[in-house]
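The structure appears below as structure tokens.
The values are calculated or read from the model by the stated rules, or taken from the named source; none is laboratory data. Model, not experiment: these values are computed from the prediction. With ideal geometry, Cβ positions are generated from the backbone for all residues, glycine too; neighbour counts draw on all protein chains shown.
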């Protein structure tokens with residue numbers, strides 16, 4: 001995922017990001033732009049809502 005977002009996509013002049021969840025419920029959120037609206041909530045009620053990278 002990291003290679004696609006930070007190398008291949010950027011090389012073509014693109015910006016974007018991905019929110020991914022694996023079969024165990026682990027959440028990954030990565031992007032190569034200034035900001036990306038994103039949010040997640042787990043089964044314990046933990047919330048993660050952010051827009052800019054430093055808010056992670």
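A quick yes/no check of all residues on (1) more than 14 Å from residue 53 (Cβ to Cβ); (2) within 9 Å of the chain's Cα centre (by Cα); (3) assigned to a helix (DSSP H, G or I):
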position	(1), (2), (3)
5	no, no, yes
10	yes, no, yes
14	yes, no, no
20	yes, yes, no
24	yes, no, no
30	no, yes, no
33	no, no, no
38	no, yes, no
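Every test in (1) at pLDDT below 90; (2) surrounded by 10 or more Cβ atoms within 10 Å (Cβ to Cβ) is passed by residue 56 save one, and that test is (2).
Contact map, region 15-27: first residue under 12 Å from residue 1 (Cβ atoms), second residue outside any strand (DSSP E or B) and at pLDDT 90 or above, Cβ cut-off under 9 Å, separation 6 or more or different chains; pairs are 16/32; 16/33; 17/32; 17/33.
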